[in-house]
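Notes to accompany the following structure.
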Amino acid sequence: MRYEVDFLVVGSGIAGLSFALKVAPYGHVVILTKGAADEGSTRYAQGGIAAVMYDSDSFDKHIHDTLVAGDGICNREVVEMTIREAPDRIRELVQYGVDFDLDGQRDRFDLHREGGHSEFRILHHKDNTGEEIERALLEAARRHPNIEIKERQFAIDIITQHHLGQRVTKHTPGIECYGVYALDCDTNRIDTYLARITLLATGGMGNVYSTTTTPILSTGDGVAMVHRARGVLADLEFTQFHPTSLYNPAERPAFLITEAMRGAGAVLKDRDGHEFMQKYDPRLSLAPRDIVARAIDNEMKLSGKDYLYLDARGIGKKHLIEGFPTIYAKCLSIGIDITRDMIPIRPAMHYQCGGIKVDRNGESSIRNLYAAGECSCTGLHGGNRLASNSLLEAVVYAHNAAQHALSTYQQIAFTTHRQVPDWNADGMVLNEEMVLITQTKKELQEIMWNYVGIVRSDLRLQRAFDRLNLIFRETEDLYNRSVLTEPLSELRNLIACAYLIIKMARARRQNVGLHYSLDLV
Ligand SMILES: Cc1cc2nc3c(=O)[nH]c(=O)nc-3n(C[C@H](O)[C@H](O)[C@H](O)COP(=O)(O)OP(=O)(O)OC[C@H]3O[C@@H](n4cnc5c(N)ncnc54)[C@H](O)[C@@H]3O)c2cc1C
């Protein structure tokens with residue numbers, strides 16, 4: 001099938017939905033989403049969204065905290081713009097129906113504080129803020145007559161001049177996007193979506209690693225598509241590992257124990273019940289994530305244990321049960337009463353700071369292609385994302401991208417688009433051997449966890465690169481012979497992302513932000 005749409009959005013998390021709602025009054029919007037519409041990292045966000053809402057805080061302090069976390073390599077202009085825009089975007093979320101918690105008097109937002117923040121500035125809805133945001137935005141999008149949400153539609157590739165038979169390289173000037181090819185996961189048909197404007201909002205790539213807090217659909221599809229289309233990517237060596245995921249080995253994704261719990265007074269302890277953060281940072285358990293994650297990794301390596309503890313008992317029973325109901329219920333379901341027991345934790349891949357490089361308008365290096373949310377790289381996070389700045393970045397850049405797209409979309413005609421051929425699957429056979437895909441995925445995830453994890457070295461990166469080469473060749477061979485399926489496409493994308501992480505990690509010759517190598521200073 002062939003479709004022509006004004007605005008094509010790939011992804012239905014906070015970034016995709018926010019953009020869609022902004023452009024919908026001006027044209028037909030189609031949102032493609034590979035799972036159920038509400039499935040994505042957004043709905044799992046617990047802590048909240050950072051913004052300066054009152055005079056007790058200041059933009060300067062939030063800017064300073066973001067720059068410090070980013071380890072000196074954030075784009076300062078982007079940081080300032082994002083943080084100053086934050087209150088307006090928060091007010092819009094409230095207008096869409098997001099119910100942020102209010103304080104005791106119910107006249108101000110109840111604000112939490114998280115690691116790396118010098119003030120209480122995290123708006124939240126209990127400890128399931130993301131679920132509340134996703135609910136409100138999705139309801140608003142479903143009500144809008146111009147928005148069509150198509151579930152289980154898997155975007156495979158961005159369409160560019162390459163699909164018109166032209167040679168496109170990284171150096172080709174003026175690469176343009178005409179839309180995407182997408183696999184209908186129910187019929188296995190590959191459709192052609194032609195669009196004036198395309199926004200990628202495909203989320204993160206946590207599944208490159210064997211332990212991750214991100215949902216199983218976070219497979220870096222947007223980044224891999226832009227890589228194949230020869231667009232510009234940046235900062236992928238800055239992989240953020242969350243220090244505290246619940247240790248429950250059989251579970252994937254790993255359940256997150258929010259930073260807000262440390263903000264409320266929970267402390268990290270070793271297996272003997274002793275605090276250890278004083279050895280690593282004067283901010284103790286509230287030090288930025290990278291420092292805490294490396295400290296835990298080191299303690300685990302020193303002791304040979306595969307988990308440590310977070311002790312939340314000092315917070316008090318009432319506050320724990322009322323303030324962290326999701327975590328309380330989750331831990332109780334596996335026999336841990338957090339009001340009496342310490343919580344077993346270990347780090348997990350959590351967030352990708354790098355991605356599709358975009359300018360202040362959210363536009364990528366490929367014309368008419370925008371990116372927002374976790375798949376993008378705006379320069380806000382630099383070497384390390386400050387907690388709760390990612391939901392903020394997603395709404396700010398969805399807004400900027402929408403404003404810019406609205407200023408150009410009417411000048412984009414479908415003339416060239418109509419020459420785009422449909423996907424050609426002739427000569428392909430259905431691959432019956434799922435084991436080839438599942439096993440390769442597991443291998444890839446282990447390689448990345450063991451060699452390209454929290455602590456890296458030149459030798460580990462070289463080893464990962466060599467192993468990945470073999471996996472790449474085997475998978476491309478499978479791809480060239482087989483009918484395309486979702487698992488195969490995801491595997492290719494994970495391999496592309498792993499390759500890019502390793503390549504950028506090898507190129508970064510300094511320990512900065514989240515990139516830490518034993519061979520560098
Ligand atoms: C457990 C957890 C807790 C977090 N807590 C916080 C927090 O408190 N504060 C904060 O600021 N950030 C937090 N984050 C990070 C934040 O939630 C994410 O960065 C953010 O939600 C990403 O939003 P997004 O719209 O970019 O992507 P997502 O919400 O991940 O949505 C991605 C969308 O893209 C779709 N998609 C992907 N690939 C394709 C494809 N090929 N074809 C079609 N559709 C596709 C998916 O189906 C999905 O709809 C947390 C993350 C996790 C995992």
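The values are calculated or read from the model by the stated rules, or taken from the named source; none is laboratory data. For clarity, every value in this text was computed on a predicted model and none was experimentally measured. When we count neighbours, we look across all protein chains shown, and the Cβ atoms used for this are built from the backbone with ideal geometry, even at glycine. SASA here: full protein model, heavy atoms, side chains in, ligands and nucleic acids out. Shrake-Rupley method; radii C 1.70, N 1.55, O 1.52, S 1.80 Å.
Could you look at segment 1-118 and say what percent of its accessible area is carbon and sulfur, using a 1.4 Å probe and all protein chains?
Here carbon and sulfur together make up 46 percent of the probe-accessible area.
Suppose R0 equals 25 Å; then what is the FRET efficiency for ILE334 and ILE216 from their Cβ-Cβ distance, rounded to the nearest 0.05?
Between ILE334 and ILE216 the formula returns 0.80.
Sequence-distant or interchain residues sharing an amide H contact under 5 Å with GLY179, placed H: which?
ILE159, ALA195
I'd like to compare 354-361, 298-305: which one has the highest average count of other Cβ atoms within 10 Å, and what's the full order after that?
Taking the mean over residues of other Cβ atoms within 10 Å, the ranking is 354-361, 298-305.
In segment 80-103, whose amide N lies under 20 Å from the spot 7 Å out along Cα-to-Cβ of SER56? List them in ranges.
86-88, 90-91, 100-103
Want the number for GLU443 to ASP107: 0.36 nm per residue separation, take away the alpha-carbon distance, what's left?
Taking 0.36 nm per residue and subtracting the Cα distance, the gain is 115.7 nm.
What's the long-distance tail for the chain, i.e. % of Cα pairs beyond 36 Å?
For the chain, the fraction of Cα-Cα distances above 36 Å is 29 percent.
FRET efficiency for VAL429 and ALA507, Cβ-Cβ distance as r, R0 = 35 Å, nearest 0.05?
0.35
On the Cα set of segment 243-304, report Rg and Dmax in Å, please.
Expressed in Å, the Cα Rg and Dmax of segment 243-304 come to 11.7, 35.
Report in % the part of the accessible area of segment 260-348 that belongs to carbon and sulfur, leaving out ligands and nucleic acids; probe 1.4 Å.
Exposed carbon and sulfur together represent 51 percent of the surface.
Before rounding to the nearest 500, sum -39500 (n - 2.57) across all DSSP H runs of length at least 4 in the chain and divide by the residue total; then give [θ] at 222 nm in deg cm²/dmol.
Computed mean residue ellipticity for the chain: -11500 deg cm²/dmol.
Under the Kirkwood approximation for Rh and a Cα-based Rg, what ratio Rg/Rh is obtained for segment 311-407?
Expressed as Rg/Rh, it is 1.20.
What translational diffusion coefficient, to the nearest whole µm²/s, does segment 260-348 have by Stokes-Einstein, given a Kirkwood radius computed over alpha-carbon pairs, a temperature of 25 °C and 0.890 mPa s viscosity?
184
Using only the alpha-carbon atoms, how far is helix 486-507 inclined from the longest principal axis of the chain? Give it as 0 to 90 degrees, nearest 10.
With both axes taken from Cα atoms, the answer is about 60 degrees.
What percentages, rounded to whole numbers, describe P(r) for segment 1-155 computed over all alpha carbon pairs with 5 Å bin width beginning at zero?
P(r) over segment 1-155, rounded to whole percents: 2, 9, 16, 18, 17, 15, 11, 8, 3, 1, 0, 0.
Bin by bin, in steps of 5 Å, what percent of the Cα pairs in segment 141-279 do you find, going until the bin that has the longest distance?
Percent of Cα pairs in each bin: 2, 7, 12, 15, 14, 13, 11, 8, 6, 5, 4, 2, 0.
Could you check the simple spin-label distance between VAL521 and ASP341, using points 7 Å along Cα→Cβ, in nm with one decimal?
4.7
How far, in degrees from 0 to 90, does helix 390-408 lean away from the longest principal axis of the Cα atoms of the chain, to the nearest 10?
That works out to roughly 30 degrees.
Just to confirm, what accessible area per residue do you get for the chain at 1.4 Å probe, in whole Å²?
39
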